[in-house]
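Down below is the structure, laid out as structure tokens.
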Amino acid sequence: MAEVIVALDVGSAREALELVDQLPGLGWAKVGPVLFVREGPALIGELEGRGVQVFLDLKWHDILSTVAEAVRGAQGLGVKLATVHALGGRAMLEAAVQAAGPMRLAAVTVLTSHSPGGYWDTVGRTGEPDVAAEVERLARLAVDSGVGAVVTSPREVAAVREIAGPDRWLVVPGIRPAGSVADDQRRTADPAAAVAAGATHLVVGRPITRAENPRAVYDGIVEAAS
Ligand code: C5P
């Protein structure tokens, strides 16, 4: 069983709240950088006021004190889950965990937008790129640093579950209900498959935000994930 997080990838707080109001009982919403720079903390408050838990997906990667202060600030706003890059390193992850208090942190490993060759170039590695091994290495680093969740693509979720142990959250985007379009996602899974592989939280955007009947799609995904 997994919880469903709706990615509010829309242009304004008004649109975001209109969507949320169509989804009674919504447990989680994801606010990303585009919406956050436009609407900021006020939107977080509006969501919390509607009983929706906020996943703030700003993927922090910076010097220790900056990340720790941002994490502390998010926790103070009432955010329940936020992202940091595992590539920020052990000291940054540990500082973030210490600053997070009751808020849970999710580590991002290798961005799915990297091509294998592009990623290998970026991190100065030579030889045949092995991105799956990198995902596992970074997931292990995050887990060893005390991070309580890992963001993982459907393709890697089973391998990351082995590393994360039974209790950490695995937050999985790229979810597509059977028969829906993939959009620009290359690695997708249907909700039941992601849950079977070990996902605890499914992140779903366009299949819901662009649906004619968002509520029907949301309810279908919740049922498939339970
Ligand atoms: O519309 P869709 O369901 O593809 O949205 C997925 C959400 O998850 C988007 O907000 C996207 O930025 C995010 N995400 C992703 N893949 C990752 C990390 C985050 O699709 N690897």
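Return the total of residues in region 100-130 being more than 19 Å from the chain's Cα centre (by Cα) and either in a helix (DSSP H, G or I) or within 15 Å of the ligand (Cβ to nearest atom) (or both). The number of residues fulfilling the criteria is 8.
Within region 26-70, the set of residues being modelled with pLDDT under 95 and among the aliphatic types (A, V, I, L, M) is empty.
The selection criterion, being among the acidic types (Asp, Glu), more than 11 Å from the ligand (Cβ to nearest atom), part of a loop (DSSP other than H, G, I, E, B) and surrounded by fewer than 17 Cβ atoms within 10 Å (Cβ to Cβ), does not hold for GLU223. Listed by first and then second residue, the pairs with beta-carbon distance under 6 Å, at least 6 apart or on different chains, first residue in region 195-210 and touching a residue at least 60 places away in the same chain (Cβ under 8 Å), second among the aliphatic types (A, V, I, L, M) and within 6 Å of the ligand (Cβ to nearest atom), are VAL203/ALA7; GLY205/ALA7.
For region 177-194, the count of residues that are closer than 17 Å to TRP28 by Cβ and assigned to a loop (DSSP other than H, G, I, E, B) is zero. Please verify whether region 145-159 includes one or more residues that are assigned to a helix (DSSP H, G or I) and either of a type in the set (Ser, Thr, Tyr) or away from the ligand (no atom under 13 Å from the Cβ) (or both). Within region 145-159, one or more residues are assigned to a helix (DSSP H, G or I) and either of a type in the set (Ser, Thr, Tyr) or away from the ligand (no atom under 13 Å from the Cβ) (or both). Counting the residues of region 139-190 that are surrounded by 15 or more Cβ atoms within 10 Å (Cβ to Cβ), farther than 20 Å from ASP57 by Cβ and in contact with an Asp or Glu (Cβ under 8 Å, 6 or more places away or on another chain) gives 3.
Whether any residue in region 205-219 is under 16 Å from ALA7 (Cα atoms), among the polar types (S, T, N, Q) and either in contact with a helix residue (DSSP H, G or I) (Cβ under 8 Å, 6 or more places away or on another chain) or crowded, with 20+ Cβ neighbours inside 10 Å (or both) is what I want to check. Among the residues of region 205-219, at least one is under 16 Å from ALA7 (Cα atoms), among the polar types (S, T, N, Q) and either in contact with a helix residue (DSSP H, G or I) (Cβ under 8 Å, 6 or more places away or on another chain) or crowded, with 20+ Cβ neighbours inside 10 Å (or both), which makes the answer yes.
Between residues in region 166-184 that are free of Cβ contacts under 8 Å to residues at least 24 places away in the same chain and residues that are more than 12 Å from the ligand (Cβ to nearest atom), which pairs lie under 6 Å by C-beta distance while being six or more apart or on different chains? Taking only residues 6 or more apart or on different chains, the pairs are ALA178/ASP190.
The values are calculated or read from the model by the stated rules, or taken from the named source; none is laboratory data. This is a predicted model, so every value here is computed, not measured. Positions of Cβ are generated from backbone atoms using ideal geometry, with glycine treated the same way; all protein chains shown enter the neighbour counts.
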